[in-house]
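Asks: Below is one structure. I have some questions about it.
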Amino acid sequence: MKHWFMAVLFILSAVSGAAAAESGLPKQVTVLGQVVTLKEESDHGEQGFIAEYIPANETWDNWTKMFAVRFIPGVDLDPIASAKQTADNINALKETDPVANVNVFVHEAKREAITDFLISNAAPKFLEHNVFRFLKVPKGIISYQIARRIYLNDETKDKDKLFIQDIEILRNQIIEEISSSSLAVPSMAK
């Protein structure tokens, strides 16, 4: 599974004075009280755009928190259908992933949706909780992602249970943060 699809929990607020990337997004944001830095930004034109943030001292091989912004161009796209397709993809993982689980929260009046899911991986062994928000913008769909990951080994024994318990405790806070109207929008989506 690609790292852009994985995510866990982060609370977003722009860091004051942070420079903007070419996309108009800030170079750093604060997620659950921790500063995360723009590590990768890719514009694939008609295929879409993605910007991913993780803590500055982490890499794609060892990240623990992530925030991402995605833009898919297309005026006829449906954010609710996108959220449901994400849920279908997670449900398909249930055959091979013993912890895969997903919820979809739809706000019909706003024409947006949130997916909240848990996945795992065998090598490297980790658990990952993701919350995606899908919303319509004039030029397409934007999704915001907040993610948290824990790597499982002898040192983290029994921390997996705490990680899963924290999902229930933090879910509403994450959804509130990812639903903020002040989240940055990539310049190409405006």
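The values are calculated or read from the model by the stated rules, or taken from the named source; none is laboratory data. For clarity, every value in this text was computed on a predicted model and none was experimentally measured. Ideal geometry is used to build each Cβ from the backbone, glycine not excepted, and the neighbour counts take in all protein chains shown.
Asks: Out of region 161-178, which residues are surrounded by 15 or more Cβ atoms within 10 Å (Cβ to Cβ), at pLDDT 90 or above and not hydrophobic (A, V, I, L, M, F, W, C)?
Replies: Across region 161-178, the qualifying residues are D166, R171.
Asks: How many residues are of a type in the set (K, R) and surrounded by 22 or more Cβ atoms within 10 Å (Cβ to Cβ) if we restrict to region 133-155?
Replies: Counting residues in region 133-155 that are of a type in the set (K, R) and surrounded by 22 or more Cβ atoms within 10 Å (Cβ to Cβ) gives 3.
Asks: Something else: Which ones in region 89-111 are in a strand (DSSP E or B) and closer than 19 Å to A147 by Cα?
Replies: Once the filter is applied, which keeps residues that are in a strand (DSSP E or B) and closer than 19 Å to A147 by Cα, region 89-111 yields N101, V102, N103, V104, F105.
Asks: So the check is Cβ under 7 Å with 6+ separation or different chains; which pairs have a first residue in region 153-164 that's in contact (Cβ under 8 Å) with a residue 40 or more places away in the chain and a second one that's part of a loop (DSSP other than H, G, I, E, B) and among the basic types (K, R)?
Replies: none
Asks: Look at region 46-80 and say how many of its residues are of a type in the set (A, V, I, L, M) and surrounded by fewer than 17 Cβ atoms within 10 Å (Cβ to Cβ).
Replies: Qualifying residue count for the region: 3.
Asks: Looking at region 39-65 only, could you name the residues that are assigned to a strand (DSSP E or B) and under 24 Å from N121 (Cβ atoms)?
Replies: Matches in region 39-65: K39, E40, S42, I50, A51, E52, Y53, I54, K65.
Asks: I would also like to ask the following. Among the residues of region 149-160 satisfying the criterion of being out of contact with any Ser or Thr (no Cβ under 7 Å at 6 or more places or on another chain) and within 30 Å of R70 (Cβ to Cβ), which is modelled with the lowest pLDDT?
Replies: Within region 149-160, the match that is modelled with the lowest pLDDT is T156.
Asks: Is region 135-157 home to any residue that is in contact with a helix residue (DSSP H, G or I) (Cβ under 6 Å, 6 or more places away or on another chain), in a strand (DSSP E or B), aromatic (F, W, Y) and more than 20 Å from L32 (Cα to Cα)?
Replies: Looking through region 135-157, none of the residues is in contact with a helix residue (DSSP H, G or I) (Cβ under 6 Å, 6 or more places away or on another chain), in a strand (DSSP E or B), aromatic (F, W, Y) and more than 20 Å from L32 (Cα to Cα).
Asks: Here are N91, N121, N101, N130: which of them is buried (at least 23 other Cβ atoms within 10 Å of the Cβ) and over 16 Å from S181 (Cα atoms)?
Replies: N130
Asks: Restricting attention to region 104-118, report how many residues are surrounded by fewer than 17 Cβ atoms within 10 Å (Cβ to Cβ), of a type in the set (A, V, I, L, M) and touching a strand residue (DSSP E or B) at 6+ places or on another chain (Cβ under 8 Å).
Replies: Qualifying residue count, region 104-118: 1.
Asks: Ok, one more. Given the conditions (1) surrounded by 17 or more Cβ atoms within 10 Å (Cβ to Cβ); (2) assigned to a strand (DSSP E or B); (3) touching a residue at least 40 places away in the same chain (Cβ under 8 Å); (4) hydrophobic (A, V, I, L, M, F, W, C), and given that A83 satisfies all but one, which numbered condition is not satisfied?
Replies: Failing condition for A83: (2).
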